[in-house]
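These notes concern the structure reproduced below.
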Amino acid sequence: MVMANKSQASSLICNKCIGWGDLTPSPHYPPTPKQSPKNNVEGLQAKALFSVIGMTDSTCAGPVKKAIKRLPGIHEAVVDVLNNRTQVQYNPTLVNEEKICETIENVGFQATLIKDDTNERSTQVCKIRINGMTCTSCSSTIESALQAISGVQKAQVALATEKAEVHYNPKFVSYSQLLQVIDSTGFEATLISNGDNINKIELKVDGVDTNHSMKMIEKSLQVLPGVQEIVIYPELNKVSISYEPDMAGPRTFISVIQSIESGHFKATIYPREGRETGRQQEIKQYYRFFSWSLVFTIPVFLTSMVFMYIPGIKTVLDAKLVNMMTVGMLLRWELSTPVQFIIGRRFYIGAYKALRHGSANMDVLIALGTNSAYFYSVYSVLRATSSRDFNGTDFFETSSMLITFILLGKYLEVLAKGKTSEAIVKLMDLAPETAVLLTLDDEGKVISEQEIDSRLIQKNDVIKTIPGAKVASDGYVLWGESHVNESMITGEARPVAKRKGDTVIGGTVNQNGVLHIKATRVGSDSALSQIVRLVESAQMAKAPVQKFADHISKYFVPLVILLSFSTWLAWFLAGRFHSYPKSWIPSSMSSFELALQFGISVMVIACPCALGLATPTAVMVGTGVGASQGVLIKGGQALESAHKVYCNYLTWEYLHFRLPPWITGAAMAASPVNCIMFDKTGTLTVGKPVVVNTRLLKNMELREFYVLVAATEVNSEHPLAKAIVEYAKKLVEDKENPAWPEARDFISITGNGVKAIVHNKEIIVGNKSLMLDQKIAIPIGAEDMLAQAEGMAQTGIIVSIDREVAGVVAISDPLKPGAKEVISILKSMKIKSIVVTGDNWGTANSIAKEVGIENVIAEAKPEDKAKKVKEFQASGYIVTMVGDGINDSPALVAADVGMAIGAGTDIAIEAADIVLMKSNLEDVITAIDLSRKTFTRIRLNYIWALGYNLLGIPIAAGALFPFTGFRLPPWIAGAAMAASSVSVVCSSLLLKYYKRPQKLNHLELHGVQIE
């Protein structure tokens, strides 16, 4: 099977190579208009934000965006329907804010300029790295401290990633204050980023010798458009610049710096720092602490447990120095003191800071346990020094070995935690180190090429990509043909053919042809950066089940301290009043010392760390594995909800096996059945509709008919409208850039169609419902054509000219490969499938019948889809919605789990909980299965973490001692505690070996070709 795929791919490549003979040997682009160097105003850009009242749903965005973009000098227009806002990027010399307002109002909405909101946003997102957290108690303390700050709207602290994400209002609090608050709670805070979608570049400036020079550089950069923030590091000769990529770029900054004082300064991009620098430093630090601790602890262990059984050495160690104090005692005291107070200093600092803020964490338990052993041992040594008949024992080996094993556990834990974030590191490393920048002349010919650091790429640069090289940035092909391997981004194994006009993704690999690519999205705007941010946000977000661990952590440490004291007191009193035989007491101890050992063991064996790591480490690995499979899961909430879609099926399979049929039958009848609602266009179908038939009902030319229809539909964003426009292009002379007649009074009727005035004729294009609403009579010929189209799973579009039906257009959208098989697998999983679409009933029923879905909801508007989702939820269903369009976003938000097709709109992807990058329906099953496996792992982690504590604490307290004589020395208890955290992380790491369900491997996905 693998060989067949390879040969097929190679034949495709060869076929393409043969066809390359017709290509021009050197790239030639359309001539670029010449600009006057004295009056270059085209580069000027400004931004304005408008409040737009009257937009009822997402389909209103198209008319507003189209109307604004028709104005001269408009660079970009983004319509946010959910917040009733529109952001416009424009050239202030060609258009002003009043004109934009007037244009929006002409479309039929009320527009108001929102002043100063673009420059100073009401909410900013700050990401902070936090060092020193040991358990959920630490993360909860930091969260509480951050949320108590005025102006902080939301704060999330992730123990596993050691990061915080804070949403705050910059008018009330600054990010430096957030860092100070975290520092004051006893943890080290470092700023990662401040603000969304802001690019940051760091430059090294040579030739700077005074503060005046740095200030001169700062002032020169501040006047540049798009520069948001400049941070100077004089001691490193480093300048950090935050900027908007649409308005500025790193090469511009370098050019400005080097032009100051006639080229006195030289600016270069700052050397790349390691992706995992912080993690590597932490690993090295723990390794260094553990190594030094081992150097001192091994002699302590040998003198107390090994050398005492070697006659010659025993005599030396037992030699008395002062009264009853021996050489061994003094030696162990001297060796264990550096371990306790120098190497173990971090535990004292952590415990002090935690107690100062009214909380207790893992450091408190470690400090109490080791101090108890150490200071009792000091007491024994001092008592032996002052007494001639004192026969006490020291426990210096207990304190030093405890600290050593805990440090070993922490070292192994940070090693394992580093592996949980490997998915992020691999994604970030997809970006190439360098790129080849092309310089073009005014006629579009290449005049030079230069190898640059990929971080220096700016928007609209033309980049050359040779075979085998990585694509340096998102963009579109300007010249050349090739195949590009996109598996590292989308998970799609087959190479994708690319030719002029096709989009490419940064980080993918060009295979067999030279491509010239025009960069459209760079830096933090690139698809790769957005995927990394999405995965990082997913790993930050807490699953609801995490609340269980957070709740326990509040009481865990105080309860353990109470149990430890109670254990010591119970054994001490039992020994005091001779409640157990003296033979139970080891010869080298007293009853007090035995009780003390039991108390210390209880204190150090308890491990809240394992509980705190159970959920976040599994979520980190699960979301990382999902990203590598082309399934982007937005956090623990999405994982937990998605697994529920499948868990009922598993539960009833188990009951069916265990219980009589009449019991399981009755139980299943009373239980909610889970369902998945599929949008039709672009989800079950390919999403690229094509015109397949046209019937004219008036005496007119086909070209004339389509020119009128295309002039009306070109203003619409609907896929069916685009199909009509694409077909109309074939009938006109200029197929590349057709000039359609002006359409006046354009109106989009949500879910039905559009209308406009073209050539003084009223053109109405839409479905049967629209014609009936407009009171337009539908002739029998049109009815027959509609019925015929619906019977063939096609969509019939009626065209009315001056309120008389002029023709019917039949549009077909082929089914996606594997759709029928996926629905069949969902049926076998006892998951109900439903088609919900805005298309007519005939087409919807035909598509549903073809894929094997029995339940159909047709002619549904966006708000109707969301309403249907809520109706099913009210009936007890756990609803998953799978869609791709703007009109699906309300339903994606309303559903328990929203899955967006990766090729869909940005709004749909933003609204969804899970994004399917490959746009394959089989990934719906992969997402559900991965969520179930991840959540099962979380449950296993909790069972282990709780079971360890529930079993370990009684054993450490001496529950088995009266019956078996077995007791757990404190140093072994400490080693067990360290091992429990490592085992939970290793358990989560097993998810890295996840394989998608076997059923999906047997799917035959046949290609769909659209002419």
* Could you calculate the contour length gain from residue 995 to residue 871, that is, 0.36 nm times the residue separation minus the distance between their Cα atoms, to one decimal place in nm? => 41.1 nm
* Asked: Put +1 on the Cβ of each Lys and Arg and -1 on the Cβ of each Asp and Glu in the chain; which of 953, 942, 791 then has its Cα farthest toward the positive end of the dipole?
  -> 953
* To do: Averaging sequence separations of C-alpha pairs under 8 Å and six or more residues apart, then dividing by the length of segment 690-812, give the relative contact order as a whole percent.
  => 29
* Structure fact -> Helix-only [θ] at 222 nm, the chain, -39500 (n - 2.57) per DSSP H run of 4+, per residue, nearest 500, equals -14500 deg cm²/dmol
* To do: Can you check what the Kirkwood hydrodynamic radius comes to for segment 124-194, Cα pairs only, in Å to one decimal?
  => 11.6
* Could you please state how large a percent of the accessible area of the chain is carbon and sulfur, counting protein chains only and using a 1.4 Å probe? => 56
* How about segment 265-371: which GluC sites (Glu not before Pro) there are in a DSSP loop, with at most 10 other Cβ atoms within 10 Å of their Cβ? -> 273
* Rounded to whole Å and ordered largest first, report the semi-axes of the equivalent ellipsoid of segment 818-903 derived from its Cα gyration tensor (root of 5λ). => 19, 16, 13
* Structure fact -> Summed over the other residues with a beta carbon less than 14 angstrom from that of residue 560, with K and R at +1 and D and E at -1, the charge totals 0
* **Kirkwood Rh, Cα atoms: Rg over Rh of segment 198-331** => 1.50
* Structure fact -> For segment 199-271, one quarter of the surface area of the C-alpha convex hull, expressed in nm², comes to 4.2
* Asked: How many percent of Cα pairs in segment 433-522 exceed 16 Å?
  -> 47
* To do: Between residue 105 and residue 562, take the C-beta separation as r, use R0 = 56 Å, and let me know the FRET efficiency to the nearest 0.05.
  => 0.20
* Structure fact -> Taking R0 as 30 Å and r as the Cβ-Cβ distance between residue 238 and residue 184, the FRET efficiency 1/(1 + (r/R0)^6), rounded to the nearest 0.05, comes to 0.65
* Mind checking segment 775-828 for GluC sites (Glu not before Pro) that DSSP puts in a loop (not H, G, I, E or B) and that have at most 15 other Cβ atoms within 10 Å? => 804
* Size of the dipole of the chain about the Cα centre, Lys and Arg at +1 and Asp and Glu at -1 on the beta carbon, nothing else charged, in debye to 20? -> 3020
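Mind giving me the FRET efficiency for residue 113 and residue 688? R0 is 25 Å, r the Cβ-Cβ distance, nearest 0.05 is fine.
With R0 = 25 Å, the Cβ-Cβ based efficiency is 0.05.
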* With Rg and the Kirkwood Rh both taken from Cα atoms, where does Rg over Rh land for segment 690-812? -> 0.93
* Full-stretch length increase - residue 514, residue 255 - with 0.36 nm per residue and alpha-carbon distance subtracted -> 90.3 nm
* Measure off 7 Å from each Cα along the Cα-to-Cβ vector at residue 288 and residue 736, then give the distance between these two points in nanometres to one decimal. => 6.3
* **Inter-site label distance for residue 451 and residue 429 at 7 Å from Cα along Cβ, in nm** => 2.1
* Structure fact -> Hull surface over four for the Cα convex hull of the chain, reported in nm², is 52.7
* To do: Grab the other residues whose beta carbon is less than 15 angstrom from that of residue 342, score K and R as +1, D and E as -1, and report the net.
  => +2
* Asked: Based on Cβ point charges of +1 for Lys and Arg and -1 for Asp and Glu, what charge dipole magnitude is obtained for segment 124-194 about its Cα centre, in debye rounded to the nearest 20?
  -> 200
* **Positive minus negative residues near residue 716 (Lys, Arg vs Asp, Glu; Cβ under 10 Å)** => 0
* Asked: Want the number for residue 722 to residue 307: 0.36 nm per residue separation, take away the alpha-carbon distance, what's left?
  -> 140.8 nm
* Asked: When Rg is the radius of gyration of the Cα atoms in segment 514-588 and Rh is its Kirkwood radius, what does Rg/Rh come to?
  -> 1.56
* How many nm is it between the label spots at residue 391 and residue 830, if each spot is 7 Å from the Cα in line with the beta carbon? -> 7.1
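The values are calculated or read from the model by the stated rules, or taken from the named source; none is laboratory data. Small disclaimer: the values here were computed from a predicted structure and weren't measured. FYI the Cβ positions are ideal-geometry reconstructions off the backbone, even for glycines, and counts take in every protein chain you see. To get the accessible areas, we keep the full protein, side chains included, count just its heavy atoms, and leave off ligands, DNA and RNA. Shrake-Rupley method; radii C 1.70, N 1.55, O 1.52, S 1.80 Å.
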